[in-house]
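> Please see the structure below; I have some questions.
The values are calculated or read from the model by the stated rules, or taken from the named source; none is laboratory data. Please read these numbers as outputs of a predicted model, since none were measured by experiment. Positions of Cβ are backbone-derived with ideal geometry, glycine not excepted, and every protein chain shown enters the neighbour counts.
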Amino acid sequence: MAELVGQVVLVVGAEQTSQSDIKAAVEKLQKSELVLSLLNKTESDFTPYRYGTYGS
């Protein structure tokens, strides 16, 4: 189905989705024009008005 749409949002559950499941999903979405990812269910002290980055 991803091949029929212009973009895909891949939602990843923090501390729930395994790295192997993410890799498998990304491989299946290789032919998609645009793939966006969203890290969901994170526990942090960020306020709704603060922006940040993940990783180092």
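> Would you mention how many residues in the range 1-26 are under 16 Å from the mean Cα position of the chain (by Cα), part of a loop (DSSP other than H, G, I, E, B) and at pLDDT below 85?
1
> Is it the case that residue 29 is modelled with pLDDT of 85 or more, aliphatic (A, V, I, L, M) and surrounded by fewer than 10 Cβ atoms within 10 Å (Cβ to Cβ)?
no
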